[in-house]
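See below for the structure under consideration.
The values are calculated or read from the model by the stated rules, or taken from the named source; none is laboratory data. These numbers were taken from a predicted model, which means no experiment stands behind them. Ideal geometry is used to build each Cβ from the backbone, glycine not excepted, and the neighbour counts take in all protein chains shown.
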C-alpha cells in the first residue's frame, strides 16, 4: 500500500510555525533582552522640587552644579525695589540647595525698567546667592529661596496655573471626582504654600558671591 502524501494545508502550517520560531530566535540572539538598569531619572542629581525647575529647569549648556556653601570670591550687596529683578533663571547647588544665577535679562529697556535692575547692578551668571535680607540661604532648598524672592517672569499660562493654586483651586485634572476642588479664597488670602514660606517684602537686599 503506497504511503499517504501530506496535505498542502498541513505543510503550509508547518512552514509558518518554523518561520516564526526562527524569527523569535534571531530576535533574542542579535537584539538581546531589554537591559535591566536604573531609570535615567534616578541618576539625575538635580533632585530638587518640580515647581520652579519644571519651568526654569537646567539646560544642556549649563556648567556642572557646584557646592554653593564653598564659594569664596568677592561679595556684592544689591537692593531691589521692584519685581521682577531681572534674573531670568537660577540653578540649585550640587546638593539641591542654594541658588546660582544662570541667566539675566541682558539689557534695561527703559529708565526704571524692573527687569533691567540686575543688568544695571552688574549681576553676572555664576554668582551665588548667599543672603536674603541678611539671612543666609546656605542649606536652603532652591524652591524655598524662589518663594522668598518671588522673582520669576511667567507667561500667561504659567501665571494662570499658579493663580489658581494660590486661590486653593485644584489644577489636577486627573481628579475625576473633583474632590480636591475648593472655593476661591478671600481677596488677598493665599492657601498655596510654595515651599512653606512667603515672599519677602520690598525693598529686598541680596548678597551674591563670585565663584573662586
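Okay, here's what the table says:
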| read-out | value |
| --- | --- |
| Subset of the stretch 95-110 (residues that are more than 14 Å from the chain's Cα centre (by Cα), surrounded by fewer than 19 Cβ atoms within 10 Å (Cβ to Cβ) and in a loop (DSSP other than H, G, I, E, B)) | 95, 106, 107, 108, 109, 110 |
| Residue within the stretch 66-73 that is at pLDDT 95 or above, part of a strand (DSSP E or B) and surrounded by fewer than 14 Cβ atoms within 10 Å (Cβ to Cβ) present | no |
| Residues of the stretch 74-94 satisfying the condition of being surrounded by 17 or more Cβ atoms within 10 Å (Cβ to Cβ) and in a strand (DSSP E or B) | 78, 80, 87, 88, 89, 90, 91 |
| Residue that is surrounded by the fewest Cβ atoms within 10 Å (Cβ to Cβ), among those in the stretch 48-58 that are in contact (Cβ under 8 Å) with a residue 40 or more places away in the chain and part of a loop (DSSP other than H, G, I, E, B) | 49 |
| Filter result for residue 120 (modelled with pLDDT of 95 or more and not in a strand (DSSP E or B)) | yes |
| Residue match in the stretch 128-140 (condition: assigned to a helix (DSSP H, G or I) and at pLDDT 90 or above) | no |
